[in-house]
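Just so it is clear, none of the values below were taken in a lab; they were calculated from the coordinates. Just so you know, these numbers come straight off a predicted model, no measurement behind them. Every residue, glycine as well, gets a Cβ built from its backbone with ideal geometry; the counts of neighbours run over all protein chains shown.
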Amino acid sequence: MKLGAAQTPTASTPVIPVLEGRELTKSFWVKQGRGLLAGKARVHAVESVSIRLDPGRVTALVGESGAGKTTVGRLLAKIIKPDGGEVLLDGRPAPPGRPRAYAAQVQMVFQDPFASLNPVHRVRHHLVRPLQIHHMASGDLEAAVDELLRRVALKPPAHFAAKFPHELSGGQRQRVAIARGLAVRPRVLIADEPVSMLDVSIRLGVLNLLADLRDRENLAILYVTHDIASARYLADTIMVMYAGQLVEAAPSVSLTDRPAHPYTQLLLAAAPDPDRAERPALAAHGAPPSLLAPPSGCRFHPRCPYVMEICKRQVPPSVAVASDHSAACWLHVDPNERRVNETGLPATTTARDLLDQRN
Ligand SMILES: Nc1ncnc2c1ncn2[C@@H]1O[C@H](COP(=O)(O)OP(=O)(O)OP(=O)(O)O)[C@@H](O)[C@H]1O
Ligand code: SF4
Ligand SMILES: [Mg+2]
């Protein structure tokens, strides 16, 4: 079973996802060293990530900084090209490049609403532009702007349409950025850390807006975040990334109630909890590895409290720990099978057999 299959279609989900990434792999070349010693090195940002987005569902992509979450979002939006794997729209290979029709269907919302809005233009301008470029409003632009602002609960719309970005709160600015994304009637919204730069007090409002858009407009939403608590609040499915790879995927409740991967367990233990005075810091278990030379075997092994010898050498397979819950960890592999993998010998091999072979 491949990780990402947590969203295997059931009676309540359609067979064909709106958007799908299959085995996506991406690396970047970066400069290293100076002067005569300068050279190029490869950052293995995303490796073999499969993910599906369905209408009317929120999928959260969770992990620490540098895990590769944004890169997955950009690959799905076709802002960057994968080195390997493919993107499918409605079950068919997405068109080459990023044609306007594709960009209209798959919209991205970024972390910093202030940076994504032009300070010299009023809100009206930000919403009129995409409507014009994509020929979305037949005639009555004012009415279209009005409707967009209502959809993101900025009321009265005329009041907000006349504002400059600096006259709005962070939450209101993010609502404008979302309204701009909605202008072209997308079917997929990729929201990259949409609340992490907002005051805690207004985060909930924006998360509720995303939930509302999922339910009301049947949008497929990818919610990229490092905060597993907000992922549980908003998402139907959670996929956990570590050092460029998916390590666990499941419906939100089962993933957070019964985390199967040691990394997910640590992420949850480090999440804010009002019932716990102190929370263990992830940093106490070391930092994520450099993606220039990721650790061998399981990439989490240098930080894992349960590390075994096999973890250091062999990449763990993805294991179905429940019908819709998978984790890539040797702990969930039958010990006999682990032994086969480690030694290359059949599970039934005895010490006697080993001695015989050596002789
Ligand atoms: N354009 C790029 N050029 C070089 N390296 C890049 C580029 N984009 C991403 N990377 C590297 O790829 C890795 C994954 O980055 P990415 O931004 O996808 O992580 P992330 O999970 O979104 O992190 P964060 O939570 O900090 O946003 C990082 O090591 C990053 O430095
Ligand atoms: S495979 Fe091994 S090192 Fe990796 S998470 Fe599982 S137990 Fe830990
Ligand atoms: Mg990011």
**Asked** Using modelled amide H (1.01 Å from N, peptide plane; none on Pro or chain starts), what sits under 5 Å from the amide H of Gly84, excluding residues fewer than 5 places away?
**Response** Thr25
**Asked** If r is the Cβ-Cβ distance from Ala162 to Arg100 and R0 is 22 Å, what FRET efficiency results, to the nearest 0.05?
**Response** 0.15
**Request:** Just check region 165-239 against the gyration tensor rule for me: Cα atoms, a ≥ b ≥ c as the square roots of the eigenvalues, rounded for a/c under 1.5, and otherwise prolate or oblate depending on whether a/b exceeds b/c.
**Result:** oblate
**Message:** Compute the helix-to-body angle for 200-217: its Cα long axis versus the longest principal axis of the chain, expressed 0 to 90° and rounded to tens.
**Reply:** 80
**Prompt:** Val247's amide H: which non-local residues (gap 5+, or another chain) put their own amide H closer than 5 Å, with H modeled 1.01 Å from N in plane and none for Pro or chain starts?
**Reply:** Val240, Met241, Tyr242
**Complete:** With a ≥ b ≥ c from the Cα gyration tensor eigenvalues, square-rooted, and the rule rounded for a/c under 1.5, otherwise prolate when a/b > b/c and oblate otherwise, the chain is prolate
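DSSP beta bridges in the chain, what fraction antiparallel, as a percent rounded to 5?
Expressed as a percentage, antiparallel bridges in the chain total about 60.
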**Request:** Return the loop-located trypsin sites (Lys or Arg not before Pro) in region 133-171 (DSSP other than H, G, I, E, B) with at most 16 other Cβ atoms within 10 Å of their own Cβ; answer none if there are none.
**Result:** Lys163
**Prompt:** Which whole-number percent is the relative contact order of region 76-159 (Cα, under 8 Å, 6+ apart)?
**Reply:** 17
**Request:** State the extension gain, in nm to one decimal, for the chain segment bounded by Arg92 and Glu147, taking 0.36 nm per residue of separation less the distance between their alpha-carbons.
**Result:** 16.6 nm
**Prompt:** From the phi of every residue in region 234-248, what ³J(HN,Hα) in whole Hz does the Karplus formula 6.51 cos²θ - 1.76 cosθ + 1.60 yield, where θ is phi - 60° and glycine or proline is x?
**Reply:** 9, 8, 7, 10, 10, 10, 9, 10, 9, 6, x, 10, 7, 10, 7
**Message:** Please list, by residue number, everything in region 102-131 whose backbone N is under 20 Å from a paramagnetic label point 7 Å out along Cα→Cβ of Asp140.
**Reply:** 124-125, 127-131
**Item:** Gyration tensor (alpha-carbon) shape descriptor, region 1-145, a/c threshold 1.5
**Value:** oblate
**Request:** Multiply the residue separation of His125 and Arg216 by 0.36 nm, subtract the distance between their alpha-carbon atoms, and state the gained length in nm to one decimal.
**Result:** 30.2 nm
**Asked** Using modelled amide H (1.01 Å from N, peptide plane; none on Pro or chain starts), what sits under 5 Å from the amide H of Val109, excluding residues fewer than 5 places away?
**Response** Ile190, Ala191, Asp192
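To the nearest 0.05, what FRET efficiency results for Ile80 and Val315 with a Förster distance of 30 Å applied to their C-beta separation?
Result of the calculation: an efficiency of 0.75.
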**Request:** Report relative contact order for region 5-275 in percent, whole number only (criteria: Cα-Cα under 8 Å, sequence separation at least 6).
**Result:** 26
**Residue (of Ala269, Phe114, Val315) at the positive-pole extreme of the chain, dipole from beta-carbon charges** = Phe114
**Complete:** Treating only Lys and Arg (+1) and Asp and Glu (-1) as charged, each at its beta carbon, one finds that region 5-275 has a dipole about its Cα centre, in Debye to the nearest 20, of 980
